[in-house]
Protein chains: 2
Amino acid sequence: MVATKQFDLQQFLATRTDAVNRALDKFLPSEKTKPATIHKAMRYSLFAGGKRMRPAVLLAAAEACGGKGSDAMPLACAVECIHTYSLIHDDLPAMDNDDFRRGKPTNHKVFGEGVAVLAGDALLTQAFEIAAQCKKFPRYPHNKIILEIAKASGSLQLIAGQVADLEGEGKKLSVDELKFIHERKTSALLCCSIRLGGMSANCSAAQLKALTAFGYNVGLAFQVIDDILDVTQTSEQLGKTAGKDVAVQKATYPSIVGLEKSRKIAEQLTAKAFAALKIFKGNAVALEALAEYLLKRNK
Amino acid sequence: MVATKQFDLQQFLATRTDAVNRALDKFLPSEKTKPATIHKAMRYSLFAGGKRMRPAVLLAAAEACGGKGSDAMPLACAVECIHTYSLIHDDLPAMDNDDFRRGKPTNHKVFGEGVAVLAGDALLTQAFEIAAQCKKFPRYPHNKIILEIAKASGSLQLIAGQVADLEGEGKKLSVDELKFIHERKTSALLCCSIRLGGMSANCSAAQLKALTAFGYNVGLAFQVIDDILDVTQTSEQLGKTAGKDVAVQKATYPSIVGLEKSRKIAEQLTAKAFAALKIFKGNAVALEALAEYLLKRNK
């Protein structure tokens, strides 16, 4: 991990976030485009100060494989639209019923439930519209790219995770059941983002395999840490309602195996993720730094 | 319209509906696939006895251009998934708040609001997963196909129509404002379906232009007739709540221009649609029959 220490992650995140924000602004219809309500609602959540973690890992994976940021950018924007749509719908009263997200009132609190549902729908649709505008990568033509995104976001992955999460509330889950949820709810889209980065750089099969292992493990670690932060941080620190998991009796790693063991699990997953990056022989410094950052974050 | 009379539309619809149902059944995860709830919910609405009108016009357009049904089938299934998702979300309490659809309780009435939102999300995502599995059409590669579907379903078309519809409730709208809604809420996806049929047959630019004009006008006619049926038919006849538009003070063609003029408008739109089909020189009998059927339907 020596390389990580010489790498300026804050600068990487700042420049990439800025580039992603500019690209998203261009892809999305303006706030004035009729009907203005839907475009205001889409932009409200898309530009609510998200960490752009999925675009960041996507762009970092592209760089690790020698790709260009401009080739990867439409895919980075597409995954961010999917992530934002999933948050808008998850926050709805019929789901997690959250009033705050990233320190701001949730979409339905501002625009009403009907428009919030539609804003989510529109961002999901927009993701595919944007992804279809990427250039054609020789090894990964558009149909493969679209399939990659649709599968990671569909009823067997992202949505499966949310359904299992909803159904698990108030129930005692096993570690395996919780892992089923985490793999789908968080790991799937994060792993997909990392794979898409590689694809946009026309990566080899071996590189794609390494990125997949990295993404899977970082994704799981990310969610374990989310669970930990929910019980150890305040709402102000998180910018969203803390202690929510305990309040709705949601099964989490801390609630099943305790805080200390949860931290260990997150560290082990991160170690596995790091091991997967060997193949890049020091060219994956941004990915390494991101994984370390995700493990040590406090919000 | 002589050709229409010799064409057995009922047989066409029966065989095509059957083929579409079989294809959808193959594309969708089984009811037992974990988490079972979401797949049950997706299939509940997808197989609730819908008229399969969008797949039918898509397949008819493909045939008019000399294409094969098997090439068009993934796209026919994709547009039906989009249509079904839009109905599930439109029926939600936060939107049209409908308890019945096609004579059966609406999705959220059976599975609850949270799952209904997710089932809609999953069908929308599934549409792109299925569309990405179509073969590569020389003139219309996958990126064009995906863009076509995403644009017709996005915040400038299908979703724009639903937002404008929501915002128009209880307001006095002009004919132009109503047309803005109808063009987006109904015509966009119907027109997209017809265009996709042509694309799957690798149609010429002139054929695509003709199909677009046909689809636009049939789509508008379809919605005008929907408005008419809402005030002239009973709930039993429609299989959904009749008189709904009047109850929620929704602007409709009958409420703005009266029943008789509404019928005239529908007829004029259908005539324009027919005129567009001239280019096919008698090879578009299925499309002609469908347009006639849509004009004369009573549910």
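Counting only residues that are closer than 15 Å to B:Glu169 by Cα and surrounded by 21 or more Cβ atoms within 10 Å (Cβ to Cβ), the range B:208-244 holds 1 of them.
Within the range B:32-55, can you find the residues that are of a type in the set (A, V, I, L, M) and within 17 Å of B:Ile130 (Cα to Cα)? First the steps, then the outcome.
We begin by selecting, within the range B:32-55, every residue of a type in the set (A, V, I, L, M); these are B:36, B:38, B:41-42, B:46, B:48, B:53.
Scanning the range B:32-55 gives B:Met42, B:Leu46.
Being surrounded by 21 or more Cβ atoms within 10 Å (Cβ to Cβ) and either modelled with pLDDT under 95 or not hydrophobic (A, V, I, L, M, F, W, C) (or both) is a property that B:Arg102 lacks.
Of all the residues in the range B:154-173, those that are farther than 17 Å from B:Phe222 by Cβ, touching a residue at least 12 places away in the same chain (Cβ under 8 Å) and small (Gly, Ala, Ser) number 4.
When B:Lys109, B:Lys135 are checked against the criterion of being more than 9 Å from chain A (Cβ to nearest Cβ), on the phi < 0 side of the Ramachandran plot and part of a loop (DSSP other than H, G, I, E, B), a single residue qualifies: B:Lys135.
Got a sec? Which of B:Lys68, B:Lys26 is surrounded by fewer than 19 Cβ atoms within 10 Å (Cβ to Cβ), more than 14 Å from every other protein chain (Cβ to nearest Cβ), without any contact (Cβ under 8 Å) to a residue 40 or more places away in the chain and over 13 Å from the mean Cα position of the chain (by Cα)?
Details: B:Lys68 fails: without any contact (Cβ under 8 Å) to a residue 40 or more places away in the chain.
Going through B:Lys68, B:Lys26 in turn, the sole match is B:Lys26.
Candidates B:Val57, B:Val20: the one that is surrounded by 21 or more Cβ atoms within 10 Å (Cβ to Cβ), in contact with a Pro (Cβ under 8 Å, 6 or more places away or on another chain) and of a type outside the set (D, E, K, R) is B:Val20.
Is it the case that A:Glu31 is in contact with a Lys or Arg (Cβ under 7 Å, 6 or more places away or on another chain), of a type in the set (Asp, Glu) and either within 30 Å of A:Lys281 (Cβ to Cβ) or buried (at least 16 other Cβ atoms within 10 Å of the Cβ) (or both)? Working first, answer last.
Working: in contact with a Lys or Arg (Cβ under 7 Å, 6 or more places away or on another chain): yes; of a type in the set (Asp, Glu): yes; either within 30 Å of A:Lys281 (Cβ to Cβ) or buried (at least 16 other Cβ atoms within 10 Å of the Cβ) (or both): no.
The answer is no for A:Glu31.
Would you be able to say whether some residue in the range B:114-131 is without any contact (Cβ under 8 Å) to a residue 40 or more places away in the chain, crowded, with 24+ Cβ neighbours inside 10 Å and small (Gly, Ala, Ser)? Looking for residues that are without any contact (Cβ under 8 Å) to a residue 40 or more places away in the chain, crowded, with 24+ Cβ neighbours inside 10 Å and small (Gly, Ala, Ser), one finds at least one in the range B:114-131, hence yes.
Among the residues making up the range A:83-105, those that are part of a loop (DSSP other than H, G, I, E, B) and in contact (Cβ under 8 Å) with a residue 60 or more places away in the chain are A:Met95, A:Asp96, A:Asp98, A:Asp99, A:Arg102, A:Gly103. Note on the range A:222-266: residues that are touching a helix residue (DSSP H, G or I) at 6+ places or on another chain (Cβ under 7 Å) and closer than 30 Å to A:Gly198 by Cβ amount to 12.
The set of residues in the range B:275-299 being surrounded by fewer than 19 Cβ atoms within 10 Å (Cβ to Cβ) and of a type outside the set (Val, Ile, Thr) consists of B:Ala275, B:Lys278, B:Lys281, B:Gly282, B:Asn283, B:Glu292, B:Tyr293, B:Lys296, B:Arg297, B:Asn298, B:Lys299. Of the helices (runs of 4 or more DSSP H) that lie entirely inside the range A:139-240, those containing 3 or more residues that are modelled with pLDDT of 95 or more span A:142-153, A:158-168, A:188-200, A:205-232. The residue list B:Lys179, B:Lys209, B:Lys172 contains one member that is within 28 Å of B:Asn298 (Cβ to Cβ) and of a type in the set (Lys, Arg), which is B:Lys179. Scanning the range B:102-135 for residues that are β-branched (Val, Ile, Thr) and either under 19 Å from the mean Cα position of the chain (by Cα) or more than 28 Å from A:Glu148 (Cα to Cα) (or both) yields B:Thr106, B:Val110, B:Thr125, B:Ile130. Applying the set (1) in contact (Cβ under 8 Å) with a residue 24 or more places away in the chain; (2) away from chain A (no Cβ under 14 Å); (3) not aromatic (Phe, Trp, Tyr) to B:Gln11 leaves exactly one unmet item: (1).
Taken together, the residues in the range A:138-155 that are buried (at least 21 other Cβ atoms within 10 Å of the Cβ) and within 7 Å of another protein chain (Cβ to nearest Cβ) amount to 6. Considering the conditions (1) surrounded by fewer than 21 Cβ atoms within 10 Å (Cβ to Cβ); (2) within 14 Å of another protein chain (Cβ to nearest Cβ), B:Arg184 is excluded by exactly one of them, (1). Residue count for the range B:258-274 satisfying the condition of being part of a helix (DSSP H, G or I) and either without any contact (Cβ under 8 Å) to a residue 12 or more places away in the chain or acidic (Asp, Glu) (or both): 6.
Return a yes/no flag: does the range B:94-106 have any residue that is within 20 Å of B:Gln157 (Cβ to Cβ) and among the small types (Gly, Ala, Ser).
no
Does B:Asp91 meet the test of being surrounded by 22 or more Cβ atoms within 10 Å (Cβ to Cβ), of a type in the set (Asp, Glu) and at the interface with another protein chain (Cβ under 8 Å from one of its Cβ atoms)? In short, no. List pairs: first in the range A:219-238 and within 15 Å of A:Lys264 (Cβ to Cβ), second assigned to a loop (DSSP other than H, G, I, E, B), Cβ under 6 Å, 6+ apart or cross-chain? Once the first residue is within 15 Å of A:Lys264 (Cβ to Cβ) and sits in the range A:219-238, its partners that are assigned to a loop (DSSP other than H, G, I, E, B) give A:Asp227/A:Thr252. In the range A:11-42, the residue that is nearest to B:Ser155 (Cα to Cα) out of those that are among the hydroxyl-bearing types (Ser, Thr, Tyr) and not in a helix (DSSP H, G or I) is A:Thr33. Take the conditions (1) at the interface with chain B (Cβ under 7 Å from one of its Cβ atoms); (2) in contact with a strand residue (DSSP E or B) (Cβ under 9 Å, 6 or more places away or on another chain); A:Glu129 misses just one of them, which is (2). Scanning the range B:46-58 for residues that are in contact with a helix residue (DSSP H, G or I) (Cβ under 6 Å, 6 or more places away or on another chain), part of a helix (DSSP H, G or I) and away from chain A (no Cβ under 13 Å) yields B:Arg54, B:Pro55, B:Ala56, B:Val57, B:Leu58.
The values are calculated or read from the model by the stated rules, or taken from the named source; none is laboratory data. This structure is a prediction, so every number in the text was calculated from the model and none was measured. Ideal geometry is used to build each Cβ from the backbone, glycine not excepted, and the neighbour counts take in all protein chains shown.
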